[in-house]
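The values are calculated or read from the model by the stated rules, or taken from the named source; none is laboratory data. These numbers come from a predicted model, not from an experiment. Glycine also receives a Cβ, built like all others from the backbone with ideal geometry; neighbour counts cover every protein chain displayed.
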Amino acid sequence: MLRGQQRIGPIVIKNFAKRWLDIPPVWLLLAMFSVWIQGRFLPLGPGFSGRVPPGLIWILWGCAGGLTLAAVLQMRKFRTTVHPHENATHLVTKGVFGLSRNPIYVSDVLLLLGVVAWVGSWGSFAIVALFIWVLQHRFIRGEELRLMSQFPDEWADYSKRTRRWM
């Protein structure tokens, strides 16, 4: 039984799914798997596998990891949630959040681009575009609406001076 739940039923399952399945890392893993499948079994034209220096791929993945770590540490410092479906206790606007309102999502896209470079299939860029669309519509819009209602004055200033992506 889930923490704080008294009975098992459709509502409990929906809450579990939203909390543990409908989160960006799950969507990222799905996108990574899709890139691999697309590159391996549905290559669209000549690929570029082996043409991207491995060092560049590692740089993408390293930047993504560093960006995520910096963002999570900042959010923990202010004791606010990293979960996209929960209300924040603080609007974090400094550090990596001064560069982008969504540094963790930028990091996710960098990770995915690293996988695309590793697989080397042009068709995979469509999956990257779809992944960005999912992030935008499934997570970012809701987060921004909650932040706007929780911190109206701070959000107005922050959203004017800081880009959504980069």
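For this structure, a couple of remarks:
- Residues of segment 43-77 satisfying the condition of being modelled with pLDDT of 90 or more and in a loop (DSSP other than H, G, I, E, B): PRO53
- Single residue of ARG19, ARG40, ARG7, ARG3 found to be out of contact with any Pro (no Cβ under 7 Å at 6 or more places or on another chain), farther than 20 Å from SER121 by Cα and at pLDDT 60 or above: ARG19
- Filter pass, ASP157 being in a helix (DSSP H, G or I), more than 25 Å from SER34 (Cα to Cα) and either in contact with a Lys or Arg (Cβ under 6 Å, 6 or more places away or on another chain) or not basic (Lys, Arg) (or both): yes
- Qualifying residues in segment 74-95 (those that are of a type in the set (S, T, N, Q) and in contact (Cβ under 8 Å) with a residue 40 or more places away in the chain) - the one farthest from ILE140 (Cα to Cα): THR93
- Of the residues making up segment 119-137, not a single one is at pLDDT 95 or above and part of a loop (DSSP other than H, G, I, E, B).
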